[in-house]
1. If we scan the range 58-65, do we find a residue that is touching a Ser or Thr at 6+ places or on another chain (Cβ under 7 Å), over 18 Å from GLN40 (Cα atoms) and part of a strand (DSSP E or B)?
2. If you go through the range 73-111 one residue at a time, how many are farther than 16 Å from SER44 by Cβ, aliphatic (A, V, I, L, M) and part of a strand (DSSP E or B)?
Amino acid sequence: MMKAHGSWLLPAGRQGVAHGILFFLALYAVLCTPYPAFAQTISSTELINNAKQYDGKAVVYVGEVIGDIMVRGEYAWINVHDGNNAIGIWIGKDLTKDILYTGSYKSRGDWVEISGTFQRICPQHGGDLDIHAQSIKKINPGKLTPERLNFSKEKHALVLLVILCPLVILRLLKRK
C-alpha cells in the first residue's frame, strides 16, 4: 500500500528510512561545510580596537580592494578598505588573478571577502597589523568611474580668466 508523503509516494515501512536519510544529509551539510561559510565578518574598527583578542585567529573581512596589487615573489599585498579603515592583506599571487579593478580616482575596486589569519604584530612583515589570507571571494565587481566635470568650478575659472587677462595685458603695457 502506498502512502502519500509530501510529494513522494513511499511504502508505509520506508517513511522512517527517508526521514533518517534526510536528517543525515542535513547534518552532513551543516558539519562538513568549511568554517568561513559560517564565520561572521569583522570590521576593521573591531580588529584594530580589539587586536589582542583576534591575534592569530581566523577572521573574515569584507571591503573594497584599493591601490595597487603589489606582487612580492609568490605572494602579493593588497589593501582592503571596509569604509572606515584599510587593512593590508598578504595573499598568494595566484589568488589575486580575479581582481580586475582596484579603487582609485578612476575606478571603484572589486569588493571581496577575505578569509585568513589576523596578525596584530606580524613578525614576518616588520610588526605590521595584517591578515594572511587563505581564500578570497569576489562579492561585487568593480567598475570604471567616468570623470565628471564640475561646471560651477568651470564658471569660476572663466570669470577669473576674464578678470586676470586685462590685468596681465595692462601690466605688460606698463613695462613698455
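Taken together, the values in this text are just the output of simple stated rules run on the coordinates, not laboratory data. The structure presented is a predicted model; accordingly, all values stated were derived computationally and were not measured. Cβ placement follows ideal geometry from the backbone for every residue including glycine, while neighbour counts extend to all protein chains displayed.
1. Looking only at the range 58-65, we keep the residues that are touching a Ser or Thr at 6+ places or on another chain (Cβ under 7 Å), and these are 58, 60-62, 65.
Imposing the further condition that a residue be over 18 Å from GLN40 (Cα atoms) reduces the set to 65.
Retained after the next criterion (residues that are part of a strand (DSSP E or B)): 65.
Yes, the range 58-65 contains a residue that is touching a Ser or Thr at 6+ places or on another chain (Cβ under 7 Å), over 18 Å from GLN40 (Cα atoms) and part of a strand (DSSP E or B).
2. Count: 2.
Matching residues to (1) surrounded by 14 or more Cβ atoms within 10 Å (Cβ to Cβ); (2) without any contact (Cβ under 8 Å) to a residue 60 or more places away in the chain:
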site	(1), (2)
VAL59	yes, no
ARG72	no, yes
TYR75	yes, yes
ALA86	yes, yes
TRP90	yes, yes
LEU100	no, yes
TRP111	yes, yes
PHE118	yes, no
ILE121	no, no
